[in-house]
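Q: Please see the structure below; I have some questions.
The values are calculated or read from the model by the stated rules, or taken from the named source; none is laboratory data. Source: prediction; values computed, not measured. Note that we place each Cβ from the backbone using ideal geometry, even for glycine, and neighbour counts take in every protein chain shown. Heavy atoms of the whole protein, side chains included, go into the accessibility calculation; ligands, DNA and RNA do not. Shrake-Rupley method; radii C 1.70, N 1.55, O 1.52, S 1.80 Å.
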Amino acid sequence: MKIDHAINTVTEAEQDLADQLERVAGRHGAEHDVYHLGHKQAVKAAARARSLTDFAQKYGADAPRQSDPDPGVMDTLRRQTSELLGRAQAPGLILLRDLQETYLQAQRAEIAWVVLQQGAKACRDLELVEAVTSAHEECETTAKWLRTRLKVAAPQVLAVG
Amino acid sequence: MEAERVRDVWGRRTPHGADGSWPSRVDQQLLDGVDAAMVTWHQSACVLCSNGCGLDIGVVDGRMVGVRGRADDRVNRGRLGPKGSYGWQANLSPDRLTTPLVRREGQLQPATWDEAMELVVARSRDVLNRRGPLGMGFYTSGQLFLEDYYTLGVLVRGGIGTPHLDGNTRLCTATSDFALKESFGSDGAPGSLTDFDLCDTIFAVGHNIPETHTVLWARILDRLDGGDPPRLVVVDPRSTRIAQAATVHLPIRPGTNVALLNGIQHELVARGFVDETFVQEHTIGLERLQKTVAEYSPDLVSTICGVPAADISAAAEVLGQSQRLVSTCLQGVYQSNQATAAACQVNNITLLRGMIGRPGCTVFQMNGQPTAQNTRETGADGDFVGMRNWQNPDHVAELAQLWNVEQSQIPSWAPPTHVMQMFRYAEEGSLEFLWITATNPAVSLPELHRIRSILSQDRVFVVVNDAFPTETTQLADVVLPAALWGEKLGTFTNHDRTVHLSEKAVEPPGEARADLDIFLDYAARMELQDKDGKPLLHWRTPQECFDAFKEVTRGRPCDYSGLSYEVLRGSPGIQWPATPENPSGTERLYTDHHFHTETDYTEDYGHDLATGASRERKDHVALGADGRAMLLAAAYEPANEQPDEERPLLFTSGRTVHHFHTRTKTGRTPELEMAAPEPWVELSPADADAHGIEEGDLVSVESARGRIEAPARICGNREGVVFAPFHYGYWDSSASLDGSGPGDRPTAANELTMTSWDPVSKQPTLKLAAVSIAKVSP
Ligand code: SF4
């Protein structure tokens, strides 16, 4: 049984997603919805990783990080600069790049949950199946939010001369 | 002038039982010394709140001299509140704008219409050339007429081709609109104001009816004084008059609506108050909802909301036992934390109890501004015209055909841009042209120092249509003087879908023009054309515009096709949908319990309530609602800003009965201005005590964004909650330098509020900010 591998993949993907969301939220402090929702989604992604703590132990996988997402030391600085630079031109391209990267990371986490879910089903671990199902759905929502936000942001950045 | 309606806001009682026979009571107000026999009367309705009370405008010698309620009008049966009785005098105000103004060397100076419009057109062309259509933004109102909005909507979406068009309805009823779309598949109040006459229970969530909709409150008072009065369940952190009349009052901690409403649903489910048959046949989503609300026991909810668990159960008991329930929400939901999620929970309660589509049973996601409903119907805000779905290519194609433009011309790649996003684009520099009509963002948007600084930038060209100098006109590059209600012909629709005709009773002052005419002039100068090279706006008069609009609503939820000026003239108000087969309109929607949720018909595929992630077509198909209403689950999430050591109190704002919005009209009405000349700050006795503040002391309230000052009123608010009315800006402040900003005496509540909005409706969270207070002087 190699469920531990699948758990590790999910945990890593969600933790990375959490950190990335936190960084992106901070970097785009002047985009107030990205800031607030990005931060909230980061906390949720970290919590999703943590929700596997007992299963990680059961299957001998690595223990998920118990702390909140880590934006890195530069975060406060980044947030302040972002608000100050609210007037600067062309933050848009950076926003697009950041949202796209984060979307891909959310997709990585999403498919990791799918893989784990398949394993859990085949091992008939119904408790794990249930835990994975609701986390997977929430992860999908994070991706959909990023997709929605990107679809709104892209035209203004790309089409304005 | 006898200011009777100021002293006696709701007027004489005319009690009645639950039989739907609300008596008429005609209120009339004439200027002193006017001979009533000389007055000619012109049909209209009041434009000072969304109730839209039917009235006649009195005229002598071409001058407005008074108003009189229309006895047979279905909305008010003759009654008028204080704003309706006196507010029309703003039209007579000596400081009306009567000529265009153009900024020259930093100063706004009089100009001719030609000069002003040529400047607007030159700047439009310049921005279109350099930046393209997405460099242009338009921000309109909830106080114009249907014809003004529709003209603007076609001009912007079909002509200029930018998605950046929103209304100040975003601050007022965006959440109403979105909550109705999420739960029932389209905008449009399901019920009728007559349901208040027939119900046995009223559930008011964050809706201070006595102050916001005075004539509706008079209607309810008549029930409370009559036989078989309804019971009231009221959710409001303040001890308002409606709270005092309640069977159960829940003064919850601001920002916790979803937790409370989940708690109530928990109790409805646990105690068997769910109408199983209705829910089974006419809704989807019960299983998930049950799973979510199961966690919200009254004990847990009590700790989140700060109200006793027993009161939560008692509220559920009253709602559960009701046979005819009317629920209503307003800004305490819409401008608070988790706005759309909370409003949808009230819809859920309606559905769980099966209280919709029959007499005395409905939910009102109430409106605030008089014509907000039309902004939504005409697509002059975040909606698509005729309640179409921007994500549905068939709907866009239909519109393109009706307008005779290429489908690609109509921006439908993303939802229409909300105002906070537009201001962000103006802040970062990609939007350089902003045309504001009949609204005052320099007082009404959050975080005012930011808004003022965005509007003051040289690189953003700001055009403002208004009837008065306002804080916003002071920051504009071009100001265009607008005709007011009574000075132009048109129609508008209230919060129970009642359409009224409003006659032109007098000429506008000076060179002021109707917004409709200003837009037509602009479109002609810009040479906006359809795909055959004909003028895109092919109407010249309000009536022709109305007829064009009728066509685009045919077959949609807001079907106006059976209406005309002839039908409306002399009518007591007609509720849409009104078709040629059914020209007298429709009192209640969903009487067959079939909702607007078929994928091909629905106005919106819906959103995730927590993030605002859009559902795409395939997601909506997968839900399989197919005419059933949606029960929508939402977990409680704390607000974006929480009190802390530095700012330990929660600030919330609201209205007072005598004023409307930023006082541009009511501040120019002697009786109303006299009744409420000054702002104030409400504190609970405990908070006042803790800071050594006594009644009348000047108090400073400070948030992370700004500060206001006003005298203290000590009253029965819940501890930890600070309230101030949001009306008081600077146009008439002696401390202000130019009438745009505070000088050394900040009073506008939005100095304090945060730049944050609901993820679904994008309505700013104006009712929540962490603040500290201090005594400035006795
Ligand atoms: S209730 Fe509203 S519409 Fe009626 S008179 Fe008062 S302000 Fe006007």
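Q: Please work out if B:GLY255 is open to solvent by 40 Å² or more (accessible area, probe 1.4 Å), assigned to a loop (DSSP other than H, G, I, E, B) and out of contact with any helix residue (DSSP H, G or I) (no Cβ under 6 Å at 6 or more places or on another chain).
A: Considered against the rule, which asks whether it is open to solvent by 40 Å² or more (accessible area, probe 1.4 Å), assigned to a loop (DSSP other than H, G, I, E, B) and out of contact with any helix residue (DSSP H, G or I) (no Cβ under 6 Å at 6 or more places or on another chain), B:GLY255 comes out as no.
Q: Please tell me if B:TRP22 is under 16 Å from B:ALA218 (Cβ atoms) and of a type in the set (Phe, Trp, Tyr). Before you say what the answer is, go through the steps one by one.
A: Values: under 16 Å from B:ALA218 (Cβ atoms): yes; of a type in the set (Phe, Trp, Tyr): yes.
So B:TRP22 passes the test.
Q: Could you list, in sequence order, all residues of the range B:133-156 that are within 14 Å of chain A (Cβ to nearest Cβ) and open to solvent by less than 10 Å² (accessible area, probe 1.4 Å)?
A: Listed by number, the residues that qualify are B:GLY135, B:MET136, B:GLY137.
Q: Of all residues in the range B:258-282, count the ones that are among the polar types (S, T, N, Q) and surrounded by 21 or more Cβ atoms within 10 Å (Cβ to Cβ).
A: 2
Q: Let me ask something else. Can you tell me which residue in the range B:628-645 is nearest to the other protein chains (Cβ to nearest Cβ), limited to those that are surrounded by fewer than 16 Cβ atoms within 10 Å (Cβ to Cβ) and farther than 24 Å from B:HIS266 by Cα?
A: B:GLN642
Q: Quick one: how many residues across the range B:601-627 are within 11 Å of chain A (Cβ to nearest Cβ) and basic (Lys, Arg)?
A: 1
Q: Right, another one. Might you check whether a residue that is closer than 23 Å to B:THR175 by Cα and buried (at least 24 other Cβ atoms within 10 Å of the Cβ) occurs anywhere in the range B:306-313?
A: no
Q: Just need a number here: residues in the range B:319-348 that are more than 29 Å from the chain's Cα centre (by Cα) and either buried (at least 24 other Cβ atoms within 10 Å of the Cβ) or not in a loop (DSSP other than H, G, I, E, B) (or both).
A: Result for the range B:319-348: 2.
Q: Still on this structure: Quick check on the range B:731-752: of everything there that is assigned to a loop (DSSP other than H, G, I, E, B) and touching a helix residue (DSSP H, G or I) at 6+ places or on another chain (Cβ under 8 Å), which residue is farthest from B:ALA675 (Cα to Cα)? If you could, list the steps in order and put the result at the bottom.
A: Filtering the range B:731-752 down to residues assigned to a loop (DSSP other than H, G, I, E, B) leaves B:731-748, B:752.
Narrowing the set further to residues that are touching a helix residue (DSSP H, G or I) at 6+ places or on another chain (Cβ under 8 Å) leaves B:731-732, B:738-742, B:748.
Values: B:TRP731: 18, B:ASP732: 16, B:ASP738: 26, B:GLY739: 22, B:SER740: 24, B:GLY741: 24, B:PRO742: 23, B:ALA748: 18 Å.
That would be B:ASP738.
Q: Within the range B:87-99, is there a residue that is more than 30 Å from A:GLY161 (Cβ to Cβ), aliphatic (A, V, I, L, M), crowded, with 17+ Cβ neighbours inside 10 Å and more than 16 Å from the ligand (Cβ to nearest atom)?
A: Checking the range B:87-99: at least one residue is more than 30 Å from A:GLY161 (Cβ to Cβ), aliphatic (A, V, I, L, M), crowded, with 17+ Cβ neighbours inside 10 Å and more than 16 Å from the ligand (Cβ to nearest atom).
Q: Taking only the range B:25-56 into account, find how many residues are away from the ligand (no atom under 16 Å from the Cβ) and part of a loop (DSSP other than H, G, I, E, B).
A: So the count comes out to 6.
Q: Is it the case that the range B:104-124 has a residue that's within 13 Å of the ligand (Cβ to nearest atom) and either without any contact (Cβ under 8 Å) to a residue 60 or more places away in the chain or not assigned by TED's automatic domain parsing to the domain that holds B:MET526 (or both)?
A: Checked the range B:104-124: no residue is within 13 Å of the ligand (Cβ to nearest atom) and either without any contact (Cβ under 8 Å) to a residue 60 or more places away in the chain or not assigned by TED's automatic domain parsing to the domain that holds B:MET526 (or both).
Q: So, of the residues in the range B:494-511 that are in a loop (DSSP other than H, G, I, E, B) and open to solvent by less than 10 Å² (accessible area, probe 1.4 Å), which turns out to be farthest from the ligand (Cβ to nearest atom)? Spell out how you get there, then give the answer.
A: Within the range B:494-511, the subset in a loop (DSSP other than H, G, I, E, B) is B:494-497, B:503-511.
From what is left, the residues that are open to solvent by less than 10 Å² (accessible area, probe 1.4 Å) are B:494-497.
Working: B:ASN494: 8, B:HIS495: 10, B:ASP496: 12, B:ARG497: 15 Å.
My answer is B:ARG497.
Q: Only one residue in B:VAL274, B:VAL234 is assigned to a loop (DSSP other than H, G, I, E, B) and at pLDDT 95 or above. Which one?
A: The conditions single out B:VAL274.
Q: Tell me yes or no: at least one residue of the range B:103-121 is in contact with a Phe, Trp or Tyr (Cβ under 8 Å, 6 or more places away or on another chain) and open to solvent by 10 Å² or more (accessible area, probe 1.4 Å).
A: Taking the range B:103-121 as the starting set, the residues that turn out to be in contact with a Phe, Trp or Tyr (Cβ under 8 Å, 6 or more places away or on another chain) are B:117, B:120-121.
Checking which are open to solvent by 10 Å² or more (accessible area, probe 1.4 Å) leaves us with none.
Within the range B:103-121, none of the residues are in contact with a Phe, Trp or Tyr (Cβ under 8 Å, 6 or more places away or on another chain) and open to solvent by 10 Å² or more (accessible area, probe 1.4 Å).
Q: Filter the range B:431-442 for residues that are within 13 Å of chain A (Cβ to nearest Cβ) and surrounded by fewer than 24 Cβ atoms within 10 Å (Cβ to Cβ) and give the result.
A: Passing the criteria: only B:GLU432.
Q: Also, quick follow-up: Looking only at the range A:117-137, filter to residues that are part of a helix (DSSP H, G or I) and among the hydrophobic types (A, V, I, L, M, F, W, C); which one of those is surrounded by the most Cβ atoms within 10 Å (Cβ to Cβ)?
A: A:VAL132
Q: Out of everything in the range B:60-82 that is open to solvent by 10 Å² or more (accessible area, probe 1.4 Å) and either touching a Ser or Thr at 6+ places or on another chain (Cβ under 6 Å) or within 14 Å of the ligand (Cβ to nearest atom) (or both), what residue ends up being nearest to B:GLN373 (Cα to Cα)?
A: Per the criteria, the residue is B:ARG74.
Q: On to the next question. Of everything in the range A:117-157, what is of a type in the set (S, T, N, Q) and more than 9 Å from chain B (Cβ to nearest Cβ)? Give them in sequence order.
A: Selection gives A:GLN117, A:GLN118, A:THR133, A:SER134.
Q: Let me confirm something: among B:ARG663, B:ARG718, which residue is open to solvent by 10 Å² or more (accessible area, probe 1.4 Å) and among the basic types (Lys, Arg)?
A: Result: B:ARG718 is the single residue among B:ARG663, B:ARG718 that is open to solvent by 10 Å² or more (accessible area, probe 1.4 Å) and among the basic types (Lys, Arg).
Q: Can you find a residue that is open to solvent by less than 40 Å² (accessible area, probe 1.4 Å) and among the acidic types (Asp, Glu) anywhere in the range B:45-59?
A: Yes, there is a match, as at least one residue in the range B:45-59 is open to solvent by less than 40 Å² (accessible area, probe 1.4 Å) and among the acidic types (Asp, Glu).
Residues checked against (1) touching a residue at least 60 places away in the same chain (Cβ under 8 Å); (2) within 12 Å of the chain's Cα centre (by Cα):
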position	(1), (2)
A:GLN105	yes, yes
A:ARG108	yes, yes
A:GLU130	no, no
A:LYS144	no, yes
A:PRO155	no, no
